[in-house]
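The values are calculated or read from the model by the stated rules, or taken from the named source; none is laboratory data. As the structure is a computational prediction, the values presented were derived from the model and not from experiment. All Cβ positions, glycine included, derive from the backbone under ideal geometry; neighbour counts span all protein chains shown.
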Ligand code: HEM
Ligand code: HEM
Ligand code: HEM
Ligand code: HEM
Ligand SMILES: O=C1O[C@H]([C@@H](O)CO)C(O)=C1O
């Protein structure tokens, strides 16, 4: 599971002339969400795993966004920054991801809220955690769409090339994967 | 609320040369979801409202998809069908929307399942209803992105045109709206 999530976002699109900024920003490791349920071990251990994996994911996401900007700036000619809905939603998702991590850390790890406050924050932590996950997935789908649209309108690949069909299939599978993660987390 | 949902999907993008198939396919009226909570009246009345509004939404979505295909076929030269991730996810969403409607109708309206089966299906009805809603929103966001990408790469609008900034802002607001609908439905 975690393998899929860390590795999938680093796969270049199977395009002959990929101009994708890599490693691209990715809050996809979010299914770290499920370590609470899938990992064996004591509660504090699983909590530390949940917190750390999300921490690594946050760093990767920030590094990814920075490298996307650098990729744009260092291209010749430079490519404009932040003109697309993909990039706007991507930035929004990463910002909320960072806020969620800080809120989770402060509430559940250190200094830790008092029991009753912790209990009333928990459902919101879960709600926002899953919401951010879903919009991370939506951002990634939009990234794939935008990349393909560029390649198709630029006639780099044809509309029905196996690259495009393959990427669309991956997109639909990613949706199925996201639905399973959410279902597993709430059931 | 319902006003927003029925009207927003019919708004053309504020583009000088919109080539958008209109009315475009839209399961956005899905916040019909909330009529159970927001409408006054007896339970059977609200159930009928929930069922009918979703029925109308389903018909609109099917008409929309058909008109998108017709728009492609009747263009000169004809535009390819179903090459994009947007269209794949759009079709998938509409199919699941149709299945959800049939399953809801058969289980809760006519012939109606026995009480215990109905009770065990209900949480899945809610889960899939919200899931389909979220992926309808994701499809619409991808539609906006694809449309803008076409206009930008074709130099019809500039990357930072007010049309593009306006559409991106609408996209981010749509996300906020979707999050509110889901929160209202589960809280
Ligand atoms: C959830 C993960 C992702 C996030 C948070 C994200 C975020 C971003 C951001 C912030 C930019 C703007 C960089 C700038 O303005 O200089 C960008 C650009 C881009 N990304 Fe992503 N991205 C993600 C996943 C993907 C994926 C999976 C692909 C394609 C396979 C992709 C393709 C692109 C492309 C083609 C651009 C350049 C065009 C543009 O600025 O919209 N991204 N991304
Ligand atoms: C952006 C980062 C984070 C996201 C997206 C996130 C998301 C989630 C989600 C979705 C759940 C529900 C899991 C389930 O029901 O199986 C959860 C549970 C939890 N998270 Fe996080 N989380 C994040 C960061 C943190 C941090 C930094 C802490 C600090 C310790 C933390 C502590 C917890 C705790 C205590 C639970 C409850 C586990 C239980 O007893 O059921 N989270 N988180
Ligand atoms: C949730 C609502 C939507 C659904 C279910 C949907 C579905 C579809 C489908 C099935 C097609 C393919 C038609 C064909 O292959 O002949 C299509 C095409 C298209 N749609 Fe949408 N759409 C939705 C919303 C939107 C929105 C809001 C926009 C833009 C503002 C948009 C823009 C486009 C464009 C530009 C095309 C032509 C390119 C392509 O086939 O991908 N759509 N849509
Ligand atoms: C595609 C169509 C449909 C979608 C997306 C959908 C979605 C939903 C959602 C999200 C809820 C939870 C609402 C809340 O918690 O406030 C719900 C409740 C419900 N729906 Fe549907 N629904 C659909 C069609 C139908 C149909 C055709 C019926 C037939 C009568 C139906 C009967 C019900 C019932 C009985 C409830 C439970 C209300 C309650 O007592 O809490 N639904 N639906
Ligand atoms: O027909 C119905 O089924 C559900 C519930 O009774 C299932 O337990 C509900 O709210 C109805 O109106």
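Some values worked out for this structure:
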read-out	value
Meets criteria (within 16 Å of the chain's Cα centre (by Cα), under 25 Å from residue A:131 (Cβ atoms) and more than 16 Å from ligand 1 (Cβ to nearest atom)) for residue B:129	yes
Criterion: under 18 Å from the mean Cα position of the chain (by Cα) and at pLDDT 95 or above - qualifying residue of B:142, B:165	B:142
Condition broken by residue A:183, with the remaining ones in (1) surrounded by fewer than 20 Cβ atoms within 10 Å (Cβ to Cβ); (2) touching a helix residue (DSSP H, G or I) at 6+ places or on another chain (Cβ under 9 Å); (3) more than 10 Å from every other protein chain (Cβ to nearest Cβ) satisfied	(3)
Exclusive hit being within 16 Å of ligand 2 (Cβ to nearest atom), surrounded by 16 or more Cβ atoms within 10 Å (Cβ to Cβ) and within 14 Å of chain A (Cβ to nearest Cβ), set B:127, B:96	B:127
Hits in region B:96-142 - residues which are within 20 Å of residue A:176 (Cβ to Cβ) and near ligand 5 (Cβ under 9 Å from one of its atoms)	B:125
Residue within region B:25-47 that is within 8 Å of ligand 4 (Cβ to nearest atom), part of a helix (DSSP H, G or I), modelled with pLDDT of 95 or more and more than 15 Å from the chain's Cα centre (by Cα) present	no
Test result for residue B:76, in a helix (DSSP H, G or I) and more than 7 Å from ligand 4 (Cβ to nearest atom)	no
Residues that are in contact with a helix residue (DSSP H, G or I) (Cβ under 6 Å, 6 or more places away or on another chain) and in contact (Cβ under 8 Å) with a residue 40 or more places away in the chain, drawn from region B:110-128	none
Failed item in (1) more than 13 Å from chain A (Cβ to nearest Cβ); (2) buried (at least 16 other Cβ atoms within 10 Å of the Cβ); (3) within 13 Å of ligand 3 (Cβ to nearest atom), with residue B:87 passing the rest	(1)
